[in-house]
1. In the stretch B:262-280, which residues are within 25 Å of residue B:565 (Cβ to Cβ) and part of a loop (DSSP other than H, G, I, E, B)?
2. Output yes when any residue across the stretch B:495-504 is at pLDDT 95 or above, farther than 22 Å from residue B:615 by Cβ and part of a loop (DSSP other than H, G, I, E, B), and no when none is.
3. When residue A:115 is evaluated against the numbered criteria (1) over 30 Å from residue A:487 (Cβ atoms); (2) within 14 Å of another protein chain (Cβ to nearest Cβ); (3) assigned to a strand (DSSP E or B), which criterion, by number, is the only one it fails?
4. Out of the stretch A:92-112, which residues are outside any strand (DSSP E or B) and away from chain B (no Cβ under 14 Å)?
5. Among (1) touching a residue at least 60 places away in the same chain (Cβ under 8 Å); (2) crowded, with 23+ Cβ neighbours inside 10 Å; (3) in the same structural domain as residue A:660 (by TED's automatic domain parsing); (4) out of contact with any helix residue (DSSP H, G or I) (no Cβ under 6 Å at 6 or more places or on another chain), there is one condition residue A:573 misses while meeting the rest; what is its number?
6. Evaluate the stretch B:191-205: report whether one residue or more is more than 19 Å from residue B:594 (Cβ to Cβ), within 14 Å of another protein chain (Cβ to nearest Cβ) and either touching a helix residue (DSSP H, G or I) at 6+ places or on another chain (Cβ under 8 Å) or surrounded by fewer than 20 Cβ atoms within 10 Å (Cβ to Cβ) (or both).
7. Condition first: in contact with a strand residue (DSSP E or B) (Cβ under 8 Å, 6 or more places away or on another chain) and within 14 Å of chain B (Cβ to nearest Cβ). Now tell me which residues in the stretch A:146-174 satisfy that.
8. All but one of (1) modelled with pLDDT of 95 or more; (2) within 14 Å of chain A (Cβ to nearest Cβ); (3) over 35 Å from the mean Cα position of the chain (by Cα) hold for residue B:85; state the number of the condition that does not hold.
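The values are calculated or read from the model by the stated rules, or taken from the named source; none is laboratory data. Just so it is clear, the model here is predicted, and its values are computed rather than measured. All Cβ positions, even for glycine, are placed from backbone atoms using ideal geometry, and neighbour counts span all protein chains on display.
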């Protein structure tokens, strides 16, 4: 053991009627006959899906405390524990508890039949904060709320008190709530500098509402629960990514500039690209969702979902891709794990038995909003391989250098899968499997590091298989729960669980129920995007209701400015991305990650550190000329004015084009940052 | 035993590992080790009240099945049952089960400490319907939903899919839901012709969502659960009211005509009354809420809440009351169980220690919407007597012949009461106690039968103490859950639990969030009112946003017509009211009460029988000239045209002034009814 390991240690204590698990001085688990830490029970769930929105109800029939523990210490100092309801009752649960150095593990070895619900209590105190649980869009610090963990549509509005949410609920069951996310994960990080991970894909609900304990609820007895501690949060995310995996670096061409989201065919792309370049916008790629065709629904512009080049909409695309590439501009497309009934991929897959079935043994058709698709059954190894082949042949070989690998959250809970497993268990597993399909296709093509795909859906394991996260479909508005602001906690929380490369649709996506994207929102979002690993615009679901980057000269010039900032920062960003690939320290970080002693830093969710040396406080409200920024104790220099500040709150001039950003005076990158005053 | 008792019988069977309770051939309760019928548990509740709207959450820590039963048959054939979790576990619950003739009873004798949650399962089948649970405004047949039973504001809109409800929720936490009611009661009536009553005032939730059982959840182990069966539904309500009590007959003067709800002072009352009489409106009384003064809040017109004649607003009222009475028109006022801090009643009550206290021993002040009141503590016998005295002195002796005895649902759950009981236990008890205060005041004044007060709040026992129910505060609209229509299931459900005298604010009450009462709504509501025990108008909370009875000649003439119908029907109505007083058979009855074999009748909640001989199908939609009516198999005559119909659906001409009403051709009242064609 070295000195660090001496300082940080998990330790077990045996009690007369139980045991205690400590992380340093912090009690993590305590069991005694009067304070049982495990409850088991039986429930009957009722799950309804409508277009990716789930209505989940559980009729809980039993929930019993396992009060009595028979604790046996093994030779290797692990504890073998039999839990039962009563002193002489039969053991309901047998677990093995290990604590070694900075890690502890609860392995659940045997479970009495008839229980399908499980609760475990983790000790807590009032001051503690908790983070993670995948990508959380409303609350970075999750204390005070419970978080159902089930991959789904995140919702439109995501706040029952907003009119947009109410309309989305009433009209489409689609309003969502604070906890809805494409990317949940049963892993939380405590401000006590440990993480806790539950090894499960079952429905779970992590409840952080109680003052003295967290209660983790899982719809099975999980295989294991893991705790790991560290000296610092930096070390902690390193350990987290040691476990879950890390993203490779982004391709070099990423740093050429923004990825312009354009739809409408080859000519439109060419025209818009030319206009952008002529105005000085730095462009790294064009991202054309509709490269495989489009359809119009009442929701807005949707895609064809047959994953092949559509030469009607994109004539000469095969040649154009090469031409653009020569000019340093890559072409990105789109795919998702479903195939529309109208396409030949569907026909082939159905013939081969690659699609998931319904209870009657027929192809399961999922309603995606006025059109229907089959679900490629990745639990069938042949289907998995076939879909990799689709990606290789129709995307990679065709010349795509990136794509949105969309969806992954819609696995119905009444589907019949090839591997015979319960779809309720597989539902959460699906996003990481979908990521793996993409990963292997790219890897086997030898293109890892030159191709990048970005996903919104996630779960445990996505860290290893997904090259880039995007924050999903925000509303084109200023709302905290579903607008520009929501992207910041999303980046911070997913960074805490090891997805350190994050970005979002510049301008947001969802324009419904009267929501229309303003020019100002688009510009503010672009300002934030310049301080994330990747800048990418989206036209939105209703392009004609949304301000676009090429609407007028002011917008074009503003975007040119922000892409220049991004490109100027590229060496710095590249170093952060490299660090993320190497150690798992995310590119966008919460303030407390570098200012552990600053109590305020733990509750800040709308500012972030972009690497250690830049502090970014995006303007997320309309009509602001100034912005109130909190600076932890340090020597800071305002990026645009060069003004020096120390810690505390400062009100900074922040007109359009000048987002509130500060750099550390002592940064080794200070001279690079200082050049930005002249941009 | 006579023959009827032979035909209808509760019976007990002992099983190897449990018992069965039958109502005739219908299994009501079954316990075996694999199908336990009782669960107990422990929960920690969190109850927030905001202006009578409660946000109730329960953190359920344990819920355990009591699988093992030790059943001992006593000499008197009752069963003494010890329930425990396991075969050799200590008994958690001891109960005595009796079944005799048409009654069965479960008495819970002993309970292990540490449990505060209780669930009992009643056997059910798919076809069964259930009714009752107090006054339910959205669902008469409660099958398929659960019904939390907690007296509260019923909500504005009462349907999460309506914009009014959403606004009320967001702005005032006041939207409510389908189960919110002023008058809950833990009593349900099965279509199998038995009722089940749980003797408790605790929070309860009756869950009728399961196909094979009903689950009754109560926040304590109740004293007893009672079942009683009958040959017919008529017999059944007779038995229900044998248990809970019955209302006295309405005063003779009731039948003189409508009670006009008027506010604004003596002169206004006089003018409006004169106008009404001059237009031929039959008037039985004037009902002046503001007889004790008024205040204006953002909600609308509110009252002073100091229960004494306000001579400033109502000069000469003492004389006027006598004058009106001589002309056959009674004066009705208003009171509720709270006293506003500004009044001398509050000062006196506080000095005497008659008001409930907060946790700090200070007077508990309840927010009623921009003004504050003390809660008269009826658990203090002196306070109870004092408030009776207030009613006697300031209402009865002053000359009031009736009043709205409003509220009763707001007992806060953190109040400190004189009797030391838990306010959570007393909360539901309060409405019946409040009714009792009124009842004793009237009774002790020797005026029972000449004075009538009407209440919206209720609970078990209100049957005995409340002279008339009114349906509470509907929205002034056509909504099913909170408008005109909602009053019909309200009347039917409260009738099933023994409150057979029901009426509503003609025109509704709540005008918020853009809801304004139309003239058509007012007229349709009056048409329905003519076929209820009492006709009474309300100006609404925002009189100037609401159509009023005296707005124009058409409205006045329409109301004159409907009051003439009511007065013409008076002999018939009187006979129904007398029957209700004698046997408990409600005045407004569901169709199945007289047509048991008609399967359709069990799901009809927007039509009713007014006595046995009139079928009323109020027009509850806007802009209708015709109306679709369902008639059970019988010989019916359309009240206005004299047209004869048999059973089935008929579309009837139903312009304003001609509500769809039919009478039985064979009715002994047929000649009276036939006179109405000429009105």
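1. Restricting attention to the stretch B:262-280, the residues satisfying the condition of being within 25 Å of residue B:565 (Cβ to Cβ) are B:262, B:269, B:272-280.
Within the stretch B:262-280, B:262, B:279, B:280 meet the criteria.
2. Of the stretch B:495-504, the ones at pLDDT 95 or above are B:495-504.
Add one more test, that the residue is farther than 22 Å from residue B:615 by Cβ, and what stays is B:497-498.
Checking which are part of a loop (DSSP other than H, G, I, E, B) leaves us with B:497-498.
Yes, because at least one residue in the stretch B:495-504 is at pLDDT 95 or above, farther than 22 Å from residue B:615 by Cβ and part of a loop (DSSP other than H, G, I, E, B).
3. Condition not satisfied by residue A:115: (3).
4. Kept after step one, since they are outside any strand (DSSP E or B), are these residues of the stretch A:92-112: A:92, A:101-102, A:112.
Listed by number, the residues that qualify are A:101, A:102.
5. All conditions pass for residue A:573, except number (3).
6. Yes, there is a match, as at least one residue in the stretch B:191-205 is more than 19 Å from residue B:594 (Cβ to Cβ), within 14 Å of another protein chain (Cβ to nearest Cβ) and either touching a helix residue (DSSP H, G or I) at 6+ places or on another chain (Cβ under 8 Å) or surrounded by fewer than 20 Cβ atoms within 10 Å (Cβ to Cβ) (or both).
7. We begin by selecting, within the stretch A:146-174, every residue in contact with a strand residue (DSSP E or B) (Cβ under 8 Å, 6 or more places away or on another chain); these are A:146-153, A:155-157, A:164, A:172-174.
Result: A:146, A:157, A:164, A:172, A:173, A:174.
8. Of everything listed in (1) modelled with pLDDT of 95 or more; (2) within 14 Å of chain A (Cβ to nearest Cβ); (3) over 35 Å from the mean Cα position of the chain (by Cα), residue B:85 misses just condition (1).
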